[in-house]
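**Student:** Input: one structure, supplied below.
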Amino acid sequence: MSSLTMQMSPEQCSSLLESKLLPLDVADRVAAMQRQESTHYRCRDYIRKAIRHSAYPHQRKDVVDAECRAKMCDWCYQVTDFCKFSRQTVATSMSYLDRFMSTNHLTAAQALYSKKKYQLAAMTCLYMAIKLFEPMAMDTALLSEISHGCYDEEDIERMEQDILQALGWRMNGPTTHDMLSHLIMLLPKATYRDDDSVASALLDFSRFQVEIAISDYGLALEKPSVVALAAILNSAEGISEMLFSAQDRYQYLQSIMNLTGMNSFTTKVNAVRIRLLTLFEMNSGYHLPQIANLTPVVYMEHSIFQSNFSIDDAGSKSPVSVTREALSEKCQVSVAKFMIDEVTTDNVLL
């Protein structure tokens with residue numbers, strides 16, 4: 001099984017920690033994102049609803065499931081890794097997909113019972129996220145070639161219009177990455193004034209969990225703020241008290257709670273933490289120890305995720321890491337050829 005690598009560079013870490021935003025400004029931004037994630041940018045359990053509303057048993061076999069979603073997410077990671085795009089672009093594209101599938105739009109309803117159409121929707125969502133948030137857009141002709149003719153340019157453009165219409169052109173909602181970046185800014189300066197190794201470890205382990213969470217359908221149904229907080233709590237608990245003092249931990253968690261109203265001790269946060277720890281070990285082969293005991297995980301007999309999906313259903317594979325090459329104008333032709341040969345989608349779901 002392929003595994004993720006820690007990708008936060010010292011420069012990226014420093015840029016977050018040295019942000020000129022005041023804590024109150026960070027809190028205002030978090031509050032705005034919390035309002036968004038609770039309203040227009042919330043997705044529902046569309047897979048369970050489709051199964052429940054299937055009139056005949058044979059229809060249920062055709063319903064797109066969590067494994068289909070995980071496979072398309074892995075494919076999106078392959079594309080972004082090869083093109084050296086930001087992995088947050090995948091989070092954005094999967095947010096588009098989940099919210100689109102949660103709507104009552106006719107195309108979304110059809111995609112629930114057609115893996116071919118669902119695959120097209122996932123590809124188009126990545127295409128849209130790249131176009132909006134990356135410095136280089138992906139041409140629809142290239143996307144059509146990647147599909148080996150399974151979809152033509154008109155199919156992609158038509159799907160794009162359907163997605164925009166279904167989402168009401170709301171394309172800039174908060175992701176778990178956004179929440180994580182802002183919560184990290186609230187870390188006490190005393191923690192990294194002389195040495196940023198603790199801050200780097202906290203951010204690296206949290207980002208790792210956030211990235212593998214994108215592939216998990218159960219976690220996709222949770223609010224980004226809850227997943228980001230759970231990832232931070234797991235990471236903080238895994239750092240020795242000799243490096244990250246109990247006083248600094250308490251000050252950090254107290255700052256998050258006072259400024260954002262986010263409670264670290266809810267049943268929901270605890271369940272998400274357990275799921276993240278499970279996925280972390282499955283994808284890295286490494287158990288993230290919980291040794292600090294300031295915010296211990298409470299293992300319950302029945303998890304909210306166990307009642308919805310098994311580990312296999314939710315997708316046990318990590319986002320696949322692929323060979324990276326510099327993406328410049330001179331190598332676009334070779335990139336396109338590689339993507340057509342190696343990152344095709346004609347056999348991902350079909």
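**Student:** Out of the residues in region 37-52 that are part of a helix (DSSP H, G or I) and surrounded by fewer than 18 Cβ atoms within 10 Å (Cβ to Cβ), which is modelled with the highest pLDDT?
**Tutor:** At the first step, the residues of region 37-52 found to be part of a helix (DSSP H, G or I) are 37, 46-52.
Add one more test, that the residue is surrounded by fewer than 18 Cβ atoms within 10 Å (Cβ to Cβ), and what stays is 48-49, 51-52.
On the way: Arg48: 89, Lys49: 83, Ile51: 80, Arg52: 79.
So the residue we want is Arg48.
**Student:** Please pick out the residue among Thr124, Thr140, Thr175 that is touching a helix residue (DSSP H, G or I) at 6+ places or on another chain (Cβ under 8 Å), surrounded by 18 or more Cβ atoms within 10 Å (Cβ to Cβ) and free of Cβ contacts under 8 Å to residues at least 24 places away in the same chain.
**Tutor:** After applying the criteria, what remains is Thr140.
**Student:** Name every residue in region 53-77 that is assigned to a loop (DSSP other than H, G, I, E, B) and modelled with pLDDT of 80 or more, in order of residue number.
**Tutor:** Correct list: Val63, Val64, Asp65.
**Student:** Still on this structure, please answer the following. Scan the helices (runs of 4 or more DSSP H) fully inside region 199-287 and keep the ones with 1 or more residues being farther than 30 Å from His40 by Cβ.
**Tutor:** By residue number, 224-237, 246-260, 267-284.
Residues checked against (1) within 18 Å of Ile156 (Cα to Cα); (2) of a type in the set (Gly, Ala, Ser); (3) surrounded by 22 or more Cβ atoms within 10 Å (Cβ to Cβ):
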site: Asp62; (1), (2), (3): no, no, no
site: Ala66; (1), (2), (3): no, yes, no
site: Arg69; (1), (2), (3): no, no, yes
site: Thr103; (1), (2), (3): no, no, no
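**Student:** Quick check on this structure: which one of Leu132, Leu126 is out of contact with any Ser or Thr (no Cβ under 7 Å at 6 or more places or on another chain), within 21 Å of Gln161 (Cβ to Cβ), hydrophobic (A, V, I, L, M, F, W, C) and not assigned by TED's automatic domain parsing to the domain that holds Val210?
**Tutor:** Leu132
**Student:** Can you say whether Asp162 is surrounded by fewer than 22 Cβ atoms within 10 Å (Cβ to Cβ), among the charged types (D, E, K, R) and not assigned by TED's automatic domain parsing to the domain that holds Leu143, as far as the supplied structure shows? Quick ask: steps written out before the conclusion?
**Tutor:** Working: surrounded by fewer than 22 Cβ atoms within 10 Å (Cβ to Cβ): yes; among the charged types (D, E, K, R): yes; not assigned by TED's automatic domain parsing to the domain that holds Leu143: no.
No: the conditions fail for Asp162.
**Student:** To continue, here is another question. Determine if region 85-106 includes at least one residue that is of a type in the set (A, V, I, L, M, F, W, C) and more than 20 Å from Leu164 (Cα to Cα).
**Tutor:** Yes, the conditions are met somewhere in region 85-106.
**Student:** May I pose another question? Specify which of the listed residues (Ala108, Ala91) is crowded, with 19+ Cβ neighbours inside 10 Å, at pLDDT 95 or above and in contact with a His (Cβ under 6 Å, 6 or more places away or on another chain).
**Tutor:** Ala91
**Student:** With respect to the numbered conditions (1) at pLDDT 95 or above; (2) over 21 Å from the mean Cα position of the chain (by Cα); (3) of a type in the set (S, T, N, Q), which one is the sole condition not fulfilled by Ser197?
**Tutor:** (1) is the only condition that Ser197 fails.
The values are calculated or read from the model by the stated rules, or taken from the named source; none is laboratory data. Keep in mind the model is a prediction, meaning the values are calculated, not measured. Cβ atoms come from the backbone with ideal geometry, glycine included; neighbour counts cover every protein chain shown.
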